[in-house]
1. With the other protein chains left in place, how much accessible area per residue, in square angstrom, belongs to the chain at a 1.4 angstrom probe?
2. For Kirkwood radius over Cα pairs in Å, the choices are (1) 12.4; (2) 11.9; (3) 13.1; which was calculated from the structure?
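The values are calculated or read from the model by the stated rules, or taken from the named source; none is laboratory data. Just so we're clear, the structure is a prediction, and the values are computed from it rather than from any experiment. SASA here: full protein model, heavy atoms, side chains in, ligands and nucleic acids out. Shrake-Rupley method; radii C 1.70, N 1.55, O 1.52, S 1.80 Å.
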Amino acid sequence: MDNEIQKIIIRVLQEIQDEGEMRIFMKWCNASPENKELYFQLKHLYELRSDGLMPNDVEIMASWERLWK
């Protein structure tokens, strides 16, 4: 995964993306079921963190490793 999409995914999770970033994100997300699944796993972890619930270290590391591949 390239560095640009990593940054865009983070911006999408934070809901601060611009229109161009959203187009790039949607193209990436719809490119494969694996991309879509990865996004929703990361979103779930992000939402847990936002709600004050913290995933354990294993879940965090596994998610980041999938993202950076």
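1. Dividing the accessible area of the chain by its residue count gives 72 Å².
2. Computed from these coordinates, Kirkwood radius over Cα pairs in Å corresponds to label (1).
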